[in-house]
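Where a number appears in this text, it was derived from the coordinates with a stated rule and is not lab data. Fair warning: this is a prediction, and the values are worked out from it, not measured in the lab. Here the Cβ is made from the backbone with ideal geometry for all residues, glycine too, and neighbour counts use every protein chain on show.
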């Protein structure tokens, strides 16, 4: 097995930094620690001005009077971590939540699919950047070692067990998950690296630091198994994003919406699923939220395509008030319907006109854009209509156009006559329907061939002798 650890040290801050305004303001996350308020995390601008983690809020506000302050929300962080786990399912089916700010991905089974360990590692980092995250990463043969290595400033990749022990011996003790009491005890003993601990008697370490810490050490060395409970993704998507500043135009909403759609795209890819409807809820400052529904003609999973549809859809919207938050929700996932690619790279039936119709409906409205479609009716004149899509199949073998009114034919010596005798190919096909609508149809239809080889579609009323030409096949 091979594990990739993602340590989102700035998860709370990165969940907020989604708009243009947030990149240029000094922003801190405030938390209550014991009896004082302190800085939990600070934006790059705030760090440049001298603000650090653990600094008291009074000192931070003295340094930067116009500081933007947001209280830490651990529930929102846990929700954000689950959204990231959803996104990570596109790379592997085994994703482990390492609360409160990390993920562990088992990539041994999927590395060949992505072109090797290095290519997969780079793709994960690039995809994280699109979401606005910059995690520290590490790869190791077991999850415990990978998580410890992810605390290092530089990414470390170890794929062989032989190199694991060497790397662990030089690992600083600050990378381990130690309590303040354990960290102080190791410092008083003059220990700085894990290798120095490994040279000490195990009985003494167990007595001083407990059996649990030794068990974690054995799991990192690969001496004990490291079972983990994998994340179970939901069958629908719902995520909320709070904007750090008010947004008063639809273009500004696209920055936050892009992040939500990237998370959705990862969840759909990991579940091998698609969706055909999304609802975007806009949370305003002083008025109740409003919902915007995007209905697709065909299920999709590509976040870039969905973003283009939303861009067209939002152009028709006028914001009722400044927006402070976004919530994106989907209907239940649908299993993807895979089709073999054709000669030119497109799946059979995958036409560019489908994209055109969806974008026109997103821009102009579903009630504005209509096209001919097949209806579930056996009567030929009632089997078509204007609708939002052209899905459906005709009930039986049908020509494209109908004569209105049907043309009455002459009766020849052996049957219907039209520039000569007509030769019967198929029929009769009885169509008897519509009595409940007051338009009762009782006809027998035939497919015939004339003297020129053209195929015609004829009918006659039940219990009558007259023939009528209703259409011809192309």
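The DSSP beta bridges internal to the chain are antiparallel in roughly 90% of cases.
Computed from the C-beta positions of residue 246 and residue 403, the FRET efficiency with R₀ = 60 Å rounds to 0.45.
Think of it as helices only: each DSSP H run of n ≥ 4 in the chain is worth -39500 (n - 2.57), and spread over all residues that comes to -9000 deg cm²/dmol at 222 nm. Placing a label point 7 Å from the Cα of residue 170 along the Cα-to-Cβ direction, the residues of the range 192-210 with a backbone N closer than 18 Å are 192-199. Each of 255, 237, 91 was scored by other Cβ atoms within 10 Å of its Cβ. Listed from fewest to most, they are 255, 91, 237.
Extension gain, residue 202 to residue 37, is 55.4 nm, computed as 0.36 nm per intervening residue step minus the present C-alpha separation. How far, in degrees from 0 to 90, does helix 303-314 lean away from the longest principal axis of the Cα atoms of the chain, to the nearest 10? With both axes taken from Cα atoms, the answer is about 70 degrees. Legend: calculated FRET efficiency, residue 423 to residue 364, from the Cβ-Cβ distance at R0 = 35 Å, rounded to 0.05, equals 0.10. Against the main long axis of the alpha-carbon atoms of the chain, helix 352-364 sits at an angle near 80°.
Annotation: extensible slack from residue 230 through residue 290 equals 18.0 nm (criterion: 0.36 nm per residue apart, minus Cα-Cα distance).
With the simple model of a label 7 Å out from the Cα in the direction of the Cβ, residue 473 to residue 238 spans 5.3 nm. Expressed in Å, the radius of gyration and Dmax of the Cα atoms of the chain are 33.2, 117. When both the range 93-138 and the range 173-219 are represented by their alpha-carbon centers, they are found 29 Å apart. Rounded to two decimals, the Cα-based Rg/Rh of the range 389-469, with Kirkwood Rh, is 0.99. Measuring nothing but how far apart in sequence close Cα pairs (under 8 Å, 6+ apart) lie, relative to its length, the chain scores a relative contact order of 12 percent. Spin-label pair residue 125-residue 272: with each label point 7 Å from Cα along the Cα-Cβ axis, the two points sit 3.1 nm from one another. Computed from the alpha carbon positions, the gyration tensor of the range 238-335 leads to an equivalent ellipsoid with semi-axes of 24, 13, 12 Å, biggest first. Zone of residue 336 (label point 7 Å along Cα→Cβ, backbone N under 13 Å): which residues in the range 71-92? 89-92, by backbone N distance to the label point. One chain, two ends: residue 78 and residue 320. Fully extended at 0.36 nm per residue, the span grows by 84.0 nm beyond their Cα-Cα distance.
If I fit a long axis through the Cα atoms of helix 211-221 and take the longest principal axis of the Cα atoms of the chain, what angle between them do I get, 0 to 90°, rounded to 10? Helix 211-221 sits roughly 60 degrees off the main axis of the chain.
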